[in-house]
Structure formats: structure tokens, C-alpha cells
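> One structure, pasted below without further comment.
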Amino acid sequence: MDIIDIILPIQQLEFNVPLTISDQPDLLDIENFYMLKGGNFWGASIQEKLCGTIALLRFNKESGAIRKMFVKKEFRGKEYGIAVALLNELINYCIANGIKNLYLGTVDILKAAIRFYEKKGFKQLDKNDLPNDFPFMSSDNVFYHLAL
């Protein structure tokens, strides 16, 4: 459960987002939740230790939602390039699999994440402008879109 050991401490301890594993059943069944629907889940490792994650939840033929983008604090930034590598892997997968629109929801207190996505070309949009079938997370209050 290396994935859970990365994600929960970042959510709970670093950013004080009160999510538990019971709030995130997808983490206990990654294959059925992400992969069987045409998405995927990636991890980045340094010296064989998981240091970052990103997931793609495909929610219709041409659209996917980024989920579970987390990098351990000590591996963030340009020196390692983990976040960029994970996002590039996800985007390449989308292009290869006919996904033309990427969406994500995040929390307004995650300022570094918001800056990261905006630097990568994601455009903020109002919650009401999201596709009807976008899979909302209850904690998210800022939303983005990237056309591929």
C-alpha cells in the first residue's frame, strides 16, 4: 500500500484536507476504478521507492479527469521533475487513446498545484461549465480543463 502511504499523509498532514481511506475507495481497487474504464494509474520511483502518483479516470469516450496527483515533499520541484514526468506520461497516454479533453478538480488551498497546472496550459473554468458526466470529488472547489 505504498500508494496510500504517499497520498494520505500529504492530504491529511501537509494540507489539512480531512480525507481518509474510506473517503477514497478508488485507492483500494485501482484496477476496477481506473483501468477497466480506459484510464490508468502511474507511479514514479526514485531508487525503487515510490515518490509520486497520478491517475486518469476516463469518464467518457473523449474525456478524462486527472486524479491522485501527489509527489512526496522531498521530491518536488525542477531538480527531480517528478510532477512534470507524471503529467507528461498521462498526456501521452491520453493522446494515444483518443482522449481529447482533460479535466481536474482541486482545492483552492493547494496554491502550488494550481500554479503547476496553469503553467502547463490548463485553463480554470467554472464548476457549471464542466461536462455533465464529470466525476466530482466533494472536496474540490477549483476546476481546470486542457484541450489535447
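The values are calculated or read from the model by the stated rules, or taken from the named source; none is laboratory data. Everything numeric in this text was worked out from a predicted model, so none of it was measured. Using ideal geometry, Cβ is built from the backbone for each residue, glycine included, and neighbour counts are taken over all protein chains shown. SASA here: full protein model, heavy atoms, side chains in, ligands and nucleic acids out. Shrake-Rupley method; radii C 1.70, N 1.55, O 1.52, S 1.80 Å.
> What accessible area per residue comes out for the stretch 68-148, rounded to a whole number of Å², with a 1.4 Å probe?
That works out to 59 Å² for each residue.
> Which FRET efficiency value, to the nearest 0.05, is calculated for Leu148 and Lys78 with the Förster distance at 25 angstrom and r the Cβ-Cβ distance?
0.60
> Quick one: pull the percent of accessible area on the chain belonging to carbon and sulfur, 1.4 Å probe, ligands and nucleic acids left out.
51 percent
> Which residue, Leu13, Leu86, Leu28, tops the fluctuation ranking in a GNM of the chain built on C-alpha contacts under 10 Å?
Maximum fluctuation in the GNM of the chain, among the listed residues, is at Leu13.
> Trypsin sites (Lys or Arg not before Pro) within the stretch 1-92: which are DSSP loop residues with at most 13 other Cβ atoms inside 10 Å?
Those satisfying the criteria are Lys61, Lys78.
> Where nothing but the Cβ of Lys and Arg (+1) and of Asp and Glu (-1) is charged, how large is the charge dipole of the chain around its Cα centre, in debye to the nearest 20?
Around 480 debye, computed over the chain.
> Highest GNM mean-square fluctuation, the chain, Cα pairs closer than 10 Å: which of Tyr80, Tyr93, Tyr117?
Ranking Tyr80, Tyr93, Tyr117 by mean-square fluctuation puts Tyr80 first.
> List the lysines whose alpha-carbon lies under 18 Å from that of Lys123, not counting same-chain residues fewer than 8 positions away?
Correct list for Lys123: Lys100, Lys111.
> Right, another one. Grab the Cα-Cα distance for Arg115 and Leu19, subtract it from 0.36 nm times how many residues apart they are, and report the gain in nm with one decimal.
32.3 nm is the gain from fully extending Arg115 to Leu19.
> May I pose another question? For the stretch 1-45, with every protein chain kept in place, what is the accessible area per residue (1.4 Å probe, Å²)?
For the stretch 1-45, the solvent-accessible area averages 57 Å² per residue.
> Pull up the DSSP beta bridges for the stretch 6-148 and report the antiparallel fraction as a percent, rounded to 5.
Around 85 percent antiparallel, to the nearest 5.
> Can you give the longest stretch of the chain with no exposed loop site, where a site means GluC sites (Glu not before Pro) in a DSSP loop (not H, G, I, E or B) with at most 16 other C-beta atoms within 10 Å?
The segment 80-148 is the longest one with no such site.
> How far apart, in nanometres, would the label points at Gln124 and Phe136 be if each is projected 7 angstrom from Cα along the Cα-to-Cβ direction?
Distance between the two pseudo-spin positions: 1.9 nm.
> How big is the gap, in Å, between the Cα center of the stretch 49-84 and the Cα center of the stretch 1-48?
10 Å
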